[in-house]
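The values are calculated or read from the model by the stated rules, or taken from the named source; none is laboratory data. Keep in mind it's a predicted model, so treat the numbers as computed, not measured. Every residue, glycine among them, receives a Cβ derived from its backbone with ideal geometry; neighbour counts consider all protein chains shown.
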Amino acid sequence: MSELHPETRVVHHPQPPLEGSRPIAVPIYQTSGFVFEDPSVFADGMSRPDGPFVYGRLSNPTVRSLEEAVAGLEGGAGAVATASGMGAINSVLLGLLKPGDHLIAQRALYGGTAGMINDLVTRFGITVSYVPEDDPGALRAAVRPETKVVYLETIANPVTQVADLPGMCAAAREAGLVSVVDNTFASPILCRPLEHGADVVVHSSTKYLSGHTDVLGGVAVFASDELYRKVWHFAVELGATADPFAAWLTLRGMQTLPLRMERHCANTRELATRLADHPAVTAVHWPGLPSHPSHELAVKLLPDFGGVFSFDLAGGRAAGERFMSSVRLALLAPSLGGVETLILHPATTSHRSLTAEELARHGIGEGTVRVAVGIEHIEDLWADFSQALS
């Protein structure tokens, strides 16, 4: 290198080899591409998700580490990491559906997913039928010759209905359908849908997987290698690829996932139980409460019941707005799954694209407030909620 000019030397940096050691943490491979000496190896990397690293949109060592980590947690054959949770959902549904196909979805869905499905209907001529998340018979009755996919959420956003995953996935498999389950609210610590018969699991890794409200990401995990490769090819063409730094942040956050989920669930149990007895609250929606319609199913399916719940205030939207304007510790903000407690009004934020009829179908009222419970001390959280309610 000594004979090179300065203009060349600043471009080509030396890279010391690792001899007899390796880094403890997964390195961040912040590069758009990789260099080859053999053209055939270069070509091979362009054609498969588990080949040599070629180009960041196709594969990256940091991103693949995340994919393998989440696939291992969920028990899948492979995973595709994306730039957001909606990137994962779009990659899967657009990769599996074509114009004229029929989709069966549960009635209660995340607002972004519901809006995206409405867009599939208007843009691409895909038809959709909505069924209860816990009624395999209704699913069987909705199947048509052109049905291809069933879409479920382990714990629904925001009224926390729990899907009958064993029953619904079995009904889907009987009909030859691909079952897709959004497992974001549960995380692999509380539920692994592939063990209940699902074909695909999607996560917004922005939430519990990363856990610190500092990254956007998504991931889709596949039960079969064939399905994994099919969606990977579409995802890289779509360009929904995860960024290596975001993947690295998610890997770092995942190391404390079991500890955080334990605290999220414990805090939620206390808040939900206390709010259920508060005179200003007409209903609390959390499957850990015996009053929740999904409670018996949740007890069979889940070891604990998640860190998100919602509640309805007696005064409707005005009461909800007063409450959200009065909290001091909880934060009025989107998203969930971080260490901070966040609140929002679903009808005007996460589910704002839905009509009044659709909101009612999801169980969302004018006075519904969603709470994503953090890991703060429970008495500090309760003091904040108490003063806001009064």
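Here are the numbers:
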quantity: Residues satisfying the stated conditions in the range 74-94, i.e. surrounded by fewer than 20 Cβ atoms within 10 Å (Cβ to Cβ) and either assigned by TED's automatic domain parsing to the domain that holds A360 or under 19 Å from L152 (Cβ atoms) (or both); calculated: G75, L94
quantity: Within the range 13-60, considering residues that are touching a residue at least 60 places away in the same chain (Cβ under 8 Å) and assigned by TED's automatic domain parsing to the domain that holds S224, the one surrounded by the most Cβ atoms within 10 Å (Cβ to Cβ); calculated: N60
quantity: Selection count, the range 346-367, where residues are more than 18 Å from V284 (Cα to Cα) and of a type in the set (D, E); calculated: 2
quantity: Per-region count, the range 152-176, residues surrounded by fewer than 24 Cβ atoms within 10 Å (Cβ to Cβ) and closer than 10 Å to A198 by Cα; calculated: 3
quantity: In the range 132-151, residue farthest from the chain's Cα centre (by Cα) [restricted to those that are of a type in the set (A, V, I, L, M) and buried (at least 22 other Cβ atoms within 10 Å of the Cβ)]; calculated: L139
quantity: Residues within the range 318-369 that are buried (at least 18 other Cβ atoms within 10 Å of the Cβ) and either under 21 Å from Y130 (Cβ atoms) or assigned by TED's automatic domain parsing to the domain that holds V162 (or both), tallied; calculated: 12
quantity: Wholly enclosed helices (runs of 4 or more DSSP H) of the range 28-145 bearing at least 3 residues in contact with a strand residue (DSSP E or B) (Cβ under 6 Å, 6 or more places away or on another chain) and at negative phi; calculated: 61-74, 85-96, 136-142
quantity: Residue tally, condition buried (at least 24 other Cβ atoms within 10 Å of the Cβ) and closer than 19 Å to Q255 by Cα, over the range 192-206; calculated: 4
quantity: Selection status of S65, under 30 Å from T122 (Cα atoms), assigned by TED's automatic domain parsing to the domain that holds G125 and of a type in the set (S, T, N, Q); calculated: no
quantity: A108 vs. criteria touching a helix residue (DSSP H, G or I) at 6+ places or on another chain (Cβ under 9 Å) and of a type outside the set (D, E, K, R); calculated: yes
quantity: Residue identified as of a type in the set (A, V, I, L, M) and in contact with a Ser or Thr (Cβ under 6 Å, 6 or more places away or on another chain) among L66, L73, L18; calculated: L66
quantity: Qualifying residue in the range 95-102 (condition: surrounded by fewer than 18 Cβ atoms within 10 Å (Cβ to Cβ), without any contact (Cβ under 8 Å) to a residue 40 or more places away in the chain, in contact with a Gly (Cβ under 6 Å, 6 or more places away or on another chain) and within 30 Å of A163 (Cα to Cα)); calculated: yes
